[in-house]
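The values are calculated or read from the model by the stated rules, or taken from the named source; none is laboratory data. Here the structure is a predicted model, which is why all the values come from computation and not from measurement. All Cβ positions, even for glycine, are placed from backbone atoms using ideal geometry, and neighbour counts span all protein chains on display. What goes into the accessible areas is simple: the full protein's heavy atoms, side chains included, and nothing from ligands, DNA or RNA. Shrake-Rupley method; radii C 1.70, N 1.55, O 1.52, S 1.80 Å.
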Amino acid sequence: MNKLNGSIRLVLCLFVSLLLSSCFSDNDNNQQGGQSAARQWNEALLSSIRQDFARPTVHARNLFSVSAAMYDAWAVFDDTAQTYLLGKTVYGYNCSFTGMPNSLVNTKVARHQAISYAAYRILSHRFSSSPAASEAQARFDALMSDLGYDIDDTSTNYSAGSAAALGNYIAECMIDYGLQDGANEANGYAIQSYAPVNPPLAPAEAGNPDIVDLNRWQPLFLDNFIDQSGNTIGASTPEFVGPEWGSVAPFALTDADLTINQRDGFDYWLYHDPGAPPYIDAVNGGTETEEYQWNFSLVLAWSAHLDPLDGVMWDISPAAIGNNQSLPQSSDEYASFYDLVNGGDSSQGHSLNPFTGEPYEPQIVPRGDYARVLAEFWADGPDSETPPGHWFVLLNYVNDQPELEKRFRGQGPVLDDLEWDIKGYFALAGAMQDSAVTAWGIKGWYDYIRPISAIRAMAALGQSSDQGRANYNIAGLPLIPDLIDLVSLSDIANPDDLVHLNKVKVYSWRGPDYINPPDDIARVFWILAENWWPYQRPSFVTPPFAGYVSGHSTYSRAAAEVLTLLTGDAYFPGGMGEFVAPQNDFLVFEKGPSVNVTLQWATYRDASDQCSLSRIWGGIHPPADDIPGRLMGVQIGIDAFNLAEQYFGN
């Protein structure tokens, strides 16, 4: 009789096990190609960002929402971890939760299912208005099908133990939370108060004749605007993206970090306020005016480095580049940190690869190729997943390296792929969310000018170095030997060009008008400063929002801090991370690079620093935008990681 009862119990246990397996559709732990469910949904999100409008603030928020929802779907089944939104009140929004009957649930299977339903519902909602909405939805549907899940299961009643319903409920909470988090999602993230003070600049025309305030952002009128994701907008004046983003609910930022300023009756929220950038005084000049002039003249000087045929060769390996010992703490230190004439910074390189114990192998390439590849690679990412998405690509790259041991902070047991991905994404997404809120809050308030507007406006005023020479103005461009000078009679070959006599000329990348077959590179030569272009496409020119502070610098340094803390190692696995830009098969609007260029980084901070410098070579930011972004990025990254770790219960 006992044997019979035992047999009955065995049959019942097998039946329950099969029933649960059927309900939760395990599919070999739902790992396709060795990737966790979290990784698969992150890749689907990144693919959809690449086809959406290039909105770094919006996509930092999308990355955070999905990562936090996936984290909650994982954490609810963990004995020590705390959820983020599920069962909590966050910034006034309550997501009530009565608990899952875990005794009836196969935890491993349920996690994958809850994660997938949560990610699917949020992504379907967030990308419903994307220019590639149908492709994005097809991508999400296909992944659910591959995982064996029914997209028509929309129940949010998790009380009976349905992991699908739990995932749907987590998504519902996150979507509703997002509709009241300050992003103005319900109105398409529309501007609520901000308006530019300067009329638009038309870069295709010479000069900047209509600018009103040389300290404030100026929109651009483009004959055919194509954003960095390749979406054709047409003839337009793109609006400032996210000028009021400082009031979006952050992750780890606190009231102690916050300052609130008011303009035109609207409150601008600033976290980690670095104070104002250098302003130009066109009447009285002064120290700040000289700072302003130095900053934008450095952008001009580095624009002279964008010629792969100028004969200047650099070792771009970690042996020569990277390993900055410190960052400038004030603008007085900028001139010794940046090399105005030759380019680059004061980094000293690394003597040895700590993983191999051997010196890094030199990589000698034309400086012009290196600078051009940097400008394009770091612009929005290799495939335009925007800067926050780019750092998720780098995290996924790190996670795929065989040398990486997935130990949290480099200590303790090796984590399975799902736990590692869930925790890494949550911490990194929190840092990217806070970087967007911080950088764009500062951008909206200080509303600072971009190089194309400042350089062309100063050029119209004249030169500021020599009162005894022609065309002097205290607020003009400073003269720099072999880089910035006045047009002389010897420069004029055509009598019609006498009108340009004594105008400011610059030795610079010549601009998109000079990219013509058969050379397909503009090269560097003397041009009128009134015609100066950043190293960008004529259909884009410069990002549609203020410069100060650099979003790239903020995102990148915050991400570098997170990856350093997550892995417990400042170095990439194996002592080096790499990206190959093939000869004549990488640059988009110029031919090149002229040789194979492999971007190499010993540490995560080296990659971050390289990203920051790329924006100067690209003509997008001066040092005044860069360093404050890096400094606040350090604090943002550390704070976000530390808060995420508290949720993990480590």
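Filtered by the rule that a residue be surrounded by 16 or more Cβ atoms within 10 Å (Cβ to Cβ) and assigned to a helix (DSSP H, G or I), the stretch 168-185 gives 168, 169, 170, 171, 172, 173, 174, 175, 177, 178, 185. Figure legend. Inter-residue proximity from the stretch 501-517: first residues at pLDDT below 95, second residues part of a helix (DSSP H, G or I) and crowded, with 16+ Cβ neighbours inside 10 Å, beta-carbon distance below 9 Å, spacing 6+ or different chains. Indicated pairs: 513/531. A residue that is in contact with a helix residue (DSSP H, G or I) (Cβ under 6 Å, 6 or more places away or on another chain) and open to solvent by less than 30 Å² (accessible area, probe 1.4 Å) occurs nowhere in the stretch 230-241.
Condition check for residue 212 on (1) open to solvent by 50 Å² or more (accessible area, probe 1.4 Å); (2) in contact with a Lys or Arg (Cβ under 9 Å, 6 or more places away or on another chain): one failure, at (2). Per the conditions (1) touching a residue at least 60 places away in the same chain (Cβ under 8 Å); (2) in a helix (DSSP H, G or I), the sole criterion not satisfied by residue 165 is (1).
Filtering 526, 533 for residues that are hydrophobic (A, V, I, L, M, F, W, C), closer than 21 Å to residue 589 by Cβ and over 19 Å from the mean Cα position of the chain (by Cα) leaves a single hit, 533.
Within the stretch 145-163, the set of residues being open to solvent by less than 80 Å² (accessible area, probe 1.4 Å) and of a type in the set (D, E, K, R) comprises just one member, 153.
For the stretch 425-475, enumerate the residues that are surrounded by fewer than 24 Cβ atoms within 10 Å (Cβ to Cβ) and of a type in the set (Asp, Glu). 466, the sole residue that qualifies. A single member of 252, 256 is at pLDDT 95 or above, open to solvent by 10 Å² or more (accessible area, probe 1.4 Å) and assigned to a loop (DSSP other than H, G, I, E, B), and it is 252. When residue 120 is tested against (1) open to solvent by 10 Å² or more (accessible area, probe 1.4 Å); (2) part of a loop (DSSP other than H, G, I, E, B); (3) not charged (D, E, K, R), just one condition goes unmet, and that condition is (2). The residue that is nearest to residue 304 (Cα to Cα), counting only those in the stretch 476-496 that are without any contact (Cβ under 8 Å) to a residue 24 or more places away in the chain, over 35 Å from the mean Cα position of the chain (by Cα) and part of a loop (DSSP other than H, G, I, E, B), is 481.
Residues are listed down the side, and each one gets a yes or a no for (1) loosely packed, with under 14 Cβ neighbours inside 10 Å; (2) in contact with a helix residue (DSSP H, G or I) (Cβ under 8 Å, 6 or more places away or on another chain); (3) modelled with pLDDT under 95:
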| position | (1), (2), (3) |
| --- | --- |
| 342 | yes, no, no |
| 349 | no, no, no |
| 355 | no, yes, no |
| 368 | no, no, no |
| 374 | no, yes, no |
| 380 | no, yes, yes |
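Need pairs with beta-carbon distance below 6 Å; first residue farther than 19 Å from residue 46 by Cα and within the stretch 140-156, second open to solvent by 60 Å² or more (accessible area, probe 1.4 Å) and of a type outside the set (A, V, I, L, M, F, W, C); sequence gap 6+ or separate chains. Short answer, once both residue conditions are applied: 148/27; 156/172. Taken together, the residues in the stretch 358-409 that are of a type outside the set (A, V, I, L, M), closer than 30 Å to residue 312 by Cα and not in a helix (DSSP H, G or I) amount to 11. Kindly evaluate residue 317 against the criterion of being touching an Asp or Glu at 6+ places or on another chain (Cβ under 8 Å) and in contact (Cβ under 8 Å) with a residue 40 or more places away in the chain. For residue 317, the condition - touching an Asp or Glu at 6+ places or on another chain (Cβ under 8 Å) and in contact (Cβ under 8 Å) with a residue 40 or more places away in the chain - is met.
Could you say whether any residue in the stretch 186-203 is within 30 Å of residue 452 (Cα to Cα), surrounded by 13 or more Cβ atoms within 10 Å (Cβ to Cβ) and aromatic (Phe, Trp, Tyr)? Scanning the stretch 186-203, I find at least one residue that is within 30 Å of residue 452 (Cα to Cα), surrounded by 13 or more Cβ atoms within 10 Å (Cβ to Cβ) and aromatic (Phe, Trp, Tyr), so the answer is yes.
Against the test of being under 22 Å from residue 162 (Cα atoms) and among the basic types (Lys, Arg), the options 50, 55, 111, 61 yield a single qualifying residue, 111. Here the stretch 577-603 is the region considered, the condition is being assigned to a loop (DSSP other than H, G, I, E, B) and charged (D, E, K, R), and the residue that is most open to solvent (accessible area, probe 1.4 Å) is 585.
Candidates in the stretch 123-144 are the residues that are hydrophobic (A, V, I, L, M, F, W, C) and outside any helix (DSSP H, G or I); of these, the one that is surrounded by the most Cβ atoms within 10 Å (Cβ to Cβ) is 127. Scan the stretch 321-339 for residues that are open to solvent by 40 Å² or more (accessible area, probe 1.4 Å) and either β-branched (Val, Ile, Thr) or assigned to a loop (DSSP other than H, G, I, E, B) (or both) and jot them down. Correct list: 321, 323, 325, 326, 329, 330, 339. Within the stretch 262-282, the set of residues being more than 26 Å from the chain's Cα centre (by Cα) and outside any loop (DSSP other than H, G, I, E, B) comprises 262, 263, 266.
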